[in-house]
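Taken together, the values in this text are just the output of simple stated rules run on the coordinates, not laboratory data. Bear in mind that the values here come from a model prediction, so they are computed numbers and not experimental data. Counting neighbours? That spans all protein chains shown, and the Cβs are built from the backbone with ideal geometry, glycine included.
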There are 2 protein chains.
Amino acid sequence: MRDLAAHPELLSINTATVRERWGLLEIIEGCARHGIRAIAPWRDQVAKSGIEAASKLIRKHGLKLSGYCRGGMFPAADEAGRARARDDNRRALDEALILGAECLILVVGGLPPGSKDLADARAQVEDGIASLLEQARPAGMKLAIEPLHPMYAADRACVNTLAQANDICERLGDGVGVAVDVYHVWWDPALEAEIARAGRSRRIYAFHVCDWLVPTTDLLLDRGMMGDGVIDIPRIRGWVEAAGFKGSVEVEIFSAANWWKRDPDEVLEVVKERYRTVC
Amino acid sequence: MRDLAAHPELLSINTATVRERWGLLEIIEGCARHGIRAIAPWRDQVAKSGIEAASKLIRKHGLKLSGYCRGGMFPAADEAGRARARDDNRRALDEALILGAECLILVVGGLPPGSKDLADARAQVEDGIASLLEQARPAGMKLAIEPLHPMYAADRACVNTLAQANDICERLGDGVGVAVDVYHVWWDPALEAEIARAGRSRRIYAFHVCDWLVPTTDLLLDRGMMGDGVIDIPRIRGWVEAAGFKGSVEVEIFSAANWWKRDPDEVLEVVKERYRTVC
């Protein structure tokens with residue numbers, strides 16, 4: 001396993017972690033100031049600051065982009081909705097290319113409004129990824145399917161296990177892989193085996209960390225700082241690295257009641273310390 | 001598939017559904033008054049009303065017990081804790097036998113305090129079930145492992161998929177099976193296959209229904225009335241019945257902000273209507 005304390009350059013900050021009090025340009029400057037060498041920005045933040053300004057500042061500081069958040073949200077109630085999703089995903093792909101991201105993260109979407117047909121939503125997801133892959137593959141942009149925790153199956157992502165994501169990848173071929181976020185997959189009895197399976201096809205494109213708090217008080221916005229919850233992060237990182245992953249350890253914390261309220265400089269200090277000591 | 005409208009006797013009320021405003025004896029009387037022929041009571045309610053009184057009233061009304069809630073909570077930080085869990089499970093078993101329940105539901109427990117070792121917790125669960133099975137099997141009481149939604153992996157149950165429960169059952173042999181609760185398993189891509197697998201060994205001992213609300217505002221106490229959420233209940237019931245299940249459709253709704261606040265007579269009327277029309 002890699003010694004993270006000896007490799008600060010492997011730390012990446014998903015910009016959601018400090019988004020409440022800093023705009024994207026402040027986040028870029030802040031990360032540079034803290035010696036953080038990689039980020040993963042979100043589309044709405046990029047749109048707000050302007051992609052040219054963001055791109056210029058990222059390059060000025062030589063930051064790596066461990067991923068771009070995010071494409072996906074494929075299922076829709078009708079063909080017009082699916083066409084809009086396809087168009088939007090192409091724009092996300094273009095932005096990821098402009099920014100030089102290592103991969104485009106896909107949060108695939110859940111049930112269309114009014115639908116209870118999970119099998120159909122999953123089929124729509126696969127069609128959507130296949131369509132996007134036709135543009136992404138020749139452009140050289142990797143697509144990373146992020147399986148989300150099953151508690152998001154209805155409204156955010158109906159790909160809920162690494163097995164499911166691996167199955168899709170195997171059917172669709174080169175250029176599509178997975179993002180392993182410990183928060184979403186830590187509970188999965190098949191996790192070790194499915195990480196190894198993804199590794200055999202060199203499909204692990206991203207690795208995200210935060211922690212599962214006990215109790216968790218909100219389904220979306222109560223994620224914990226690494227070390228404050230129950231996830232055995234080093235064990236999972238060990239599996240991911242044994243499977244050949246050499247990329248960034250990306251910290252992504254949605255925490256409305258705690259970390260989002262704090263001074264982002266303090267948050268980044270804590271992130272750096274926990275990265276060294278508990279990840 | 002069975003026509004539920006023609007079979008009101010297949011409806012069972014898990015007593016948690018109306019527990020906030022009625023004690024157990026009131027629930028038994030209420031169900032009898034509403035023509036409901038089966039219930040699944042909880043241990044704390046039984047203890048409060050007294051097992052003799054509860055048992056007598058259940059028999060007076062000829063109610064069936066589709067399950068007894070609950071055994072489990074096996075993992076502990078030390079051997080003394082595990083011994084206490086074993087003793088407590090034996091008492092639960094004795095109570096289930098006195099009450100004449102069809103099965104003892106097992107909510108297996110999560111991580112012991114301070115532990116991040118999910119594999120160890122899962123091993124402790126299997127040991128605990130194996131030990132309980134030594135008493136349950138000769139007594140003729142079936143043990144039903146209820147896989148809980150992965151969002152409960154840390155604090156309530158580290159058996160989170162039907163595949164996992166089926167694996168345990170196959171290793172432990174006769175007398176142990178599964179409780180399929182749509183709330184916990186609806187998202188699982190392997191659900192249809194794992195229901196069929198459980199059916200092949202005649203291991204489906206219970207079938208529970210409620211609904212997944214969008215949005216869900218609380219991890220534990222925001223479950224929906226059937227029809228108010230996104231779960232395709234008839235599809236899952238179809239799979240369960242195709243797998244040979246002939247037992248009750250048990251309604252179990254934890255709803256602190258809505259159904260628990262209402263008049264239980266109204267709740268039971270709505271349950272009966274939804275049972276006929278959307279399950």
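Can you give me the long-range amide H partners of B:Gly177? Hydrogens built in the peptide plane at 1.01 Å from N, cutoff under 5 Å, separation of 5 or more residues or another chain.
B:Leu143, B:Ala144, B:Ile145
Counting only residues 5 or more places away or on other chains, whose amide H sits under 5 Å from the amide H of A:Arg70 once H atoms are built in the peptide plane?
A:Arg43
From the phi of every residue in segment A:62-67, what ³J(HN,Hα) in whole Hz does the Karplus formula 6.51 cos²θ - 1.76 cosθ + 1.60 yield, where θ is phi - 60° and glycine or proline is x?
3J(HN,Hα) across segment A:62-67, in whole Hz: x, 6, 8, 10, 6, x.
Need one number: % antiparallel among DSSP beta bridges in the protein assembly as shown, to the nearest 5.
If I count the DSSP bridges inside the protein assembly as shown, around 5 percent turn out antiparallel.
For segment B:126-254, give the share of DSSP beta bridges that are antiparallel, in percent and rounded to the nearest 5; count only bridges with both residues there.
In segment B:126-254, DSSP labels about 10 percent of beta bridges as antiparallel.
Put a point 7 Å out from Cα along the line to Cβ at A:Ser201; what are the distances to that point in the other copies, in nm, shortest first?
2.9
What is the set of long-range amide H partners of B:Asp188 at a cut-off below 5 Å, with H atoms built 1.01 Å from backbone N?
For B:Asp188, whose amide H was placed from the backbone, there are no distant partners under 5 Å.
Please list the helices of chain A that count as membrane-span-like by this rule: a mean Kyte-Doolittle hydropathy of at least -0.5 together with Cα atoms stretching 18 Å or more along the helix axis, each helix being a complete DSSP H run.
What comes out of the filter, once short or polar helices are dropped, is A:118-139.
Residue-wise, which Karplus ³J(HN,Hα) couplings in Hz belong to segment A:221-229, taking 6.51 cos²θ - 1.76 cosθ + 1.60, θ = phi - 60°, and x for glycine or proline?
For segment A:221-229, the Karplus-derived couplings read 10, 10, 7, x, 5, 3, x, 8, x Hz, x marking Gly and Pro.
Restricting to chain A, what percent of DSSP beta bridges are antiparallel, rounded to 5?
Roughly 5 percent of the DSSP beta bridges within chain A come out antiparallel.
Can you tell me the mean projection area, over all orientations, of the convex hull of chain A's alpha carbons? Units nm², please.
Reported value for the Cα convex hull: 13.5 nm².
Quick one: with label points 7 Å out along Cα→Cβ, list the inter-copy distances for B:Arg276 in nm, shortest first?
6.9
How big is the charge dipole of chain A about its Cα centre, in debye rounded to the nearest 20, if each Lys and Arg gets +1 on its Cβ and each Asp and Glu gets -1 on its Cβ?
700 debye
Can you list which of the trypsin sites (Lys or Arg not before Pro) found in segment A:1-74 are DSSP loop residues with at most 13 other C-beta atoms within 10 Å?
A:Arg2
If you place +1 on the Cβ of every Lys and Arg and -1 on the Cβ of every Asp and Glu, how big does the dipole about the Cα centre of segment B:189-245 come out, in debye to the nearest 20?
About 440 debye.
Tell me the mean residue ellipticity at 222 nm calculated for chain B from its helices only (DSSP H runs of n ≥ 4, each -39500 (n - 2.57), averaged over every residue, nearest 500).
The per-residue figure over chain B is -13000 deg cm²/dmol.
Restricting attention to the alpha-carbon atoms of segment A:47-103, what are Rg (one decimal) and Dmax (integer), both in Å?
13.6, 44
Report the gain in length on full extension from B:Asn258 to B:Ala242: 0.36 nm times residue separation, minus Cα-Cα distance, nm rounded to one decimal.
2.4 nm
Run the label-point distances for B:His61 please: 7 Å along Cα to Cβ, every other copy, nanometres, shortest first.
List, nearest first: 6.5 nm.
Identify, among B:Ile39, B:Tyr152, B:Ala77, the residue whose Cα sits farthest towards the positive end of the charge dipole of segment B:21-176, taking +1 on the Cβ of Lys and Arg and -1 on the Cβ of Asp and Glu, with the dipole about the Cα centre.
In segment B:21-176, that residue is B:Ile39.
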